[in-house]
1. Could you work out [θ]222 nm for the chain from helices alone, using -39500 (n - 2.57) per DSSP H run of at least four and dividing by all its residues? Round to the nearest 500 deg cm²/dmol.
2. Once you've got the GNM for the chain with C-alpha springs shorter than 10 Å, pick whichever of V59, V48, V26 has the biggest mean-square fluctuation.
3. Can you tell me, using C-alpha contacts under 8 Å and at least 6 residues apart, the relative contact order of the chain as a whole percent?
4. How large is the charge dipole for the chain, taken about the Cα centre, if only the Cβ atoms of Lys, Arg (+1) and Asp, Glu (-1) carry charge, to the nearest 20 debye?
5. Picking from Y79, Y20, Y63, which is most flexible by a Gaussian network model of the chain using Cα springs under 10 Å?
6. Assuming a viscosity of 1.306 mPa s and a temperature of 10 °C, what translational diffusion coefficient in µm² per second does Stokes-Einstein assign to the chain, Rh being the Kirkwood radius over Cα pairs?
7. Which residue, chosen from I38, S49, L85, occupies the Cα position most advanced towards the positive end of the dipole of the stretch 17-89, where the dipole is computed from +1 (Lys, Arg) and -1 (Asp, Glu) charges on Cβ about the Cα centre?
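Coordinate-derived values only; no laboratory data. Please read these numbers as outputs of a predicted model, since none were measured by experiment. Reconstructed Cβ throughout: ideal geometry from the backbone, glycine too, with neighbour counts over all protein chains shown.
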Amino acid sequence: MGNGFSSKRGKGLILCTDSYSIKEIVILINILKIKFNIDSSIRYHISVSPNNKHIKKRVARIYMDKINLDKIKPFIVPYFVESMLYKIN
């Protein structure tokens with residue numbers, strides 16, 4: 001819910017999986033598809049080190065569009081504190 005978990009992109013959602021390997025991200029995408037019928041994809045982001053603004057790293061994140069965000073909302077809303085619901089609405 002807080003910093004680093006997710007961010008809204010347009011009407012979709014980005015899951016910040018920066019510290020996961022590509023293999024782990026693919027496993028998560030497959031679990032979303034198999035267990036919840038959620039279609040998602042990998043999007044790449046350039047992350048800048050907070051300590052050294054010159055160090056940039058390409059990180060993979062999970063993206064789901066609005067249709068799939070709406071599918072998963074009933075499963076995740078009970079775990080959100082009210083002040084963070086804006087992230088998925």
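1. -9500 deg cm²/dmol
2. Answer for the Gaussian network model of the chain: V48.
3. 33 percent.
4. 300 debye
5. Y79
6. Stokes-Einstein gives a translational diffusion coefficient of 114 µm²/s.
7. Going by the charge dipole, the pick is S49.
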